[in-house]
Structures are given as C-alpha cells and as structure tokens.
Amino acid sequence: MERTPYGFLLVALGGFLGAVARHAVDVGVGRALAASAAGAGPAVLGDPLTGAGTLVTNVAGSFALGLLLTRASSDRLRLFVGTGALSSFTTYSTFVADAVAIGTPAGAWYVAVSYATGFAAAALGLAIGGRDRR
Amino acid sequence: MTASPLLATALVGVGGALGAVSRHAVGIRVEGRRSVLVVNALGSFALGAVSAAPIGSTAALLLGVGFCGAFTTFSSFAVGTVRAASETGVRAAATVAASNLAAALAAFLLGSLLVAESVG
C-alpha cells in the first residue's frame, strides 16, 4: 500500500490539507495574539508572536499522531491522516527558523518548551490510544 | 506583493502535498527514525535558503510554508522520540532529540548563509 500510486495519492491529499490547516492556525493565532496585544502598539507586536502558531500545531499534531498510530487499523488511514495530514500539519523546519528568529536566550526557551510539551503530548496520545489495547 | 487568501491557500496546499509526497519517498528509502532526521535536516537547509533568498510572498508560501513546512515533521519526531525512550531507554531518546535539533539548526544556518553570500 505505502509504495503504490494510491498510497502516494493519499499522502498528497493529506499533505495538502495538513499544510493548509497549519497555515490557517498560524494566521489565526497571530491575529488573536495581535488583537490581545493591540494596546502595546505595533512596534512590539512582531517579536512575542513568533513561533506561537507553530507551537500550537506541533503540540496538537503530536498528540493526534500518538493517538492515530495506536488506534488506526488500516494502512489507508495511517497514510492519509498520519504520513499525509498530521506530519504536514506539524513542522520542524519552521520550528527551527522561529527559534533562530527569536534569538538568544529566548529562542533556547522556545526550543525547550516545544520539546517538553511536544513529547508530553505525543506520550499522552500514545497512552490514551494504547489503553485497553495490547 | 501579498497573495490573496485563496491563492495563499492553494500555494500552501500544493507545496504541502509535494512536501508530504517527497517525505514519504524518503521514508520508503531510509529505514526507521533516521528518515525523520534526514527530512528535518534537508528541509531546514532548504527553508534557510528560501528565507534568505530575495523571493516574493508567492514563492515563499509555496516553497517555505508549503513544501519545507510539510516535508519536515515535528509529530513523527515527537512520537519517534517517545517510543525510543520506552524501547531503548532515555539516553537513546535524548540522542534522537539532540541530533535532530543540532542537524536542523546547522542546516538552516548553512542554507541561509550560502544564499545570503551568493545574493551578496
């Protein structure tokens, strides 16, 4: 299944949806934070917002993938939702770019918080999904 | 130039589909957790290059947000690291976590430096 043209099509469709959803969350979180920080003035709006959307998608996607991999019984579901959608919903390259853009020392904290919450979310997803299963 | 929301969605989606398919192709050729390290390092190099290149928002949405964003993955990395911790121990998991960060960070900086140099 995973090497067939149909398998690649499932990954492509999932990848389309996952990337679009990540972009939507990124734009949405950016707007929400910008609105709540509106009183502070536009000059300081750039920095505190960097990476917030990526953190949200990475943590949510890690939880969902842990759940999926322990629950999904079909290869189709794993390819479409896991390899396609969730893996594209989350991103490592933008995470690194955001950490660099934030700079030191705050960028190191951003990495530490992303790792800690991402691993915890993945472990929780695996634990919930694996409950009552072998 | 700013892309309209509909065009931005199409660009990010098409880039994301290509990125996901490319990641899947790497995953078929490279076994296990190493494939995640490979895509995260390669994709971070590419994003470093893309973000340093003098390209418009259209290309940035397609290549940066879409392709590089989807080609690299945090969720597979996080699940893989947690599984490494339970299967082979915390030390092995720490190695996976640190090597992904070191490789991706170095690759991103290298990609942006190379392009910044050549653009001058």
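Where does the Debye-calculated log10 I(q)/I(0) of the protein assembly as shown sit at q = 0.08, 0.17 Å⁻¹, using only Cα point scatterers of equal weight, no solvent?
Relative scattering, expressed as log10 I(q)/I(0), comes to -0.29, -1.33.
How large is the Rg to Rh ratio of region B:1-71 when both quantities use alpha carbon positions and Rh follows Kirkwood?
1.04
Starting from the alpha-carbon convex hull of region B:9-120, give the projected area averaged over all orientations, in nm².
Averaged projected hull area, Cα only: 7.0 nm².
If you take the charge dipole of chain A about its Cα centre, with +1 on Lys and Arg Cβ and -1 on Asp and Glu Cβ, which of A:ALA101, A:SER73, A:ALA12 is farthest toward its positive end?
Value computed over the given set: A:SER73.
Would you mind working out the magnitude of the charge dipole of chain B relative to its Cα centre, with +1 at each Lys and Arg C-beta and -1 at each Asp and Glu C-beta, to the nearest 20 Debye?
Around 280 debye, computed over chain B.
Can you work out ³J(HN,Hα) from phi for every residue in region A:60-68, in order, using Karplus 6.51 cos²θ - 1.76 cosθ + 1.60 and θ = phi - 60°, giving whole Hz and x for Gly and Pro?
Karplus-based 3J(HN,Hα) across region A:60-68 equals 5, x, 5, 4, 5, 5, x, 5, 4 Hz.
In region B:5-119, if the dipole is taken from +1 on Lys/Arg beta carbons and -1 on Asp/Glu beta carbons about the Cα centre, which of B:SER57, B:VAL79, B:ALA17 is farthest to the positive end?
B:VAL79
How many nm separate the modelled label positions at B:ALA59 and B:VAL115, each set 7 Å beyond the Cα in the direction of the Cβ?
Going from the B:ALA59 label point to the B:VAL115 one covers 0.8 nm.
A:ALA108 to A:GLU2: FRET efficiency via 1/(1 + (r/R0)^6), r the Cβ-Cβ distance, R0 51 Å, to the nearest 0.05?
0.85
We did not get these values from a lab; they are worked out from the coordinates using the rules stated. No experiment lies behind these values; they were computed from the predicted model shown. Cβ coordinates were reconstructed from backbone atoms using ideal geometry, including for glycine residues, and neighbour counts include every protein chain displayed.
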